[in-house]
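Where a number appears in this text, it was derived from the coordinates with a stated rule and is not lab data. Note that the coordinates shown come from a computational prediction; the quantities given were computed from them, not determined experimentally. Glycine also receives a Cβ, built like all others from the backbone with ideal geometry; neighbour counts cover every protein chain displayed.
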Amino acid sequence: MYKKEQASQLRQAFWTTLGQYIAPHPPADGGKVNWLNYRTGQKHVYFRMQADNRKASIGIELTHPDTELQELFFDQFRELKQVLHEYLGEEWEWLLHTKDENGKTISRIYKEIAPVNVFNQDDWPQLISFFKPRLVALDEFWSNAKYSFDSFW
C-alpha cells in the first residue's frame, strides 16, 4: 500500500508522462490545446480521464445542475452517437443522470478498462495506449460537433 504522498507523486508522474506522449499530436482545429485539461468551450461539458488502482476511464461528462437541460444536452449527443462512435472506432457506455463521487447528478458517455493500476508503472503503457487515441478521437469529433451545441446554454 502506498502512503498518500507516494500515491500522489505516482499519479502526478503518470499524468505528466501521458501529457508528454500526447503533446506532439496537433489538435484537430489547429489551435492550442492542453490535452490533460481539455477545454470544450461549453460550460458544464467536460472530457474527463480518471485512473486509480483498479480501473481507468475516459469520457464526456455533462454536469449542468438543471437535470432537464442536462438531459437535452445528452439527447443532442445521442443524436450524434453514430458519428461519435465512428470517430472513436468503438461503442461507449451512455448513462443519463447518474451520481458522481460527490453525489452530484451528472450524465456520462464513457469507456472503461479494468484491471489496471495507475500506481503500477508496468501498467502505464496500457493506460497510455488506452487514453491517447481516445482523447485524440474526442478532439476530432468535438472540432466538428461542438457547433451543434451552441444554442443550448
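Which entries of LYS3/LYS111; LYS4/LYS43; LYS55/LYS132 have Cα-Cα distances beyond 23 Å here?
LYS3/LYS111; LYS4/LYS43, as the Cα separations exceed 23 Å there.
What order do you get for HIS64, HIS25 when you list them from fewest to most C-beta neighbours inside 10 Å?
Numbers: HIS64 21, HIS25 14.
Ranked by crowding around the Cβ, least crowded first: HIS25, HIS64.
Around GLU112, under 9 Å between beta carbons, what's the net of Lys plus Arg minus Asp minus Glu among the other residues?
Once positives and negatives cancel, what remains is +1.
Fewest to most neighbouring Cβ within 10 Å: what's the order for VAL83, VAL33?
VAL83, VAL33
Determine the shape class of region 77-124: with a ≥ b ≥ c the square roots of the Cα gyration tensor eigenvalues, call it rounded for a/c under 1.5, and otherwise prolate if a/b is greater than b/c, oblate otherwise.
Oblate, since a/c reaches 1.5 and b/c is not below a/b.
Could you compute the net charge surrounding PRO65? Neighbours are other residues with a C-beta less than 14 Å from the C-beta of PRO65; K and R count +1, D and E count -1.
Around PRO65, the charge tally is -2.
Rounded to the nearest 0.05, what FRET efficiency do THR105 and ASN37 have when you use their Cβ-Cβ distance and R0 = 22 Å?
Efficiency, from the Cβ-Cβ distance: 0.45.
DSSP loop (so not H, G, I, E, B), at most 16 other Cβ within 10 Å: list which GluC sites (Glu not before Pro) in region 80-118 pass both filters.
Those satisfying the criteria are GLU90, GLU91, GLU101.
What is the sum of charges, Lys and Arg at +1 and Asp and Glu at -1, for the other residues whose Cβ falls under 15 Å from the Cβ of LEU127?
+3
Could you list TRP92, TRP15 in order of exposure, starting from the residue whose Cβ has the fewest other Cβ atoms within 10 Å?
On the way: TRP92 19, TRP15 16.
So the residues, fewest neighbours to most, are TRP15, TRP92.
For the chain, what's the relative contact order in percent, using C-alpha pairs closer than 8 Å and at least 6 residues apart?
Values: 189 pairs, mean separation 42.7, N = 153.
Relative contact order comes out at 28 percent.
Write out the trypsin sites (Lys or Arg not before Pro) in region 51-144 meeting two conditions: DSSP loop, and at most 13 other Cβ atoms within 10 Å of their Cβ.
For trypsin sites (Lys or Arg not before Pro) across region 51-144 that sit outside H, G, I, E and B with at most 13 neighbouring Cβ atoms in 10 Å, the list reads ARG54, LYS104.
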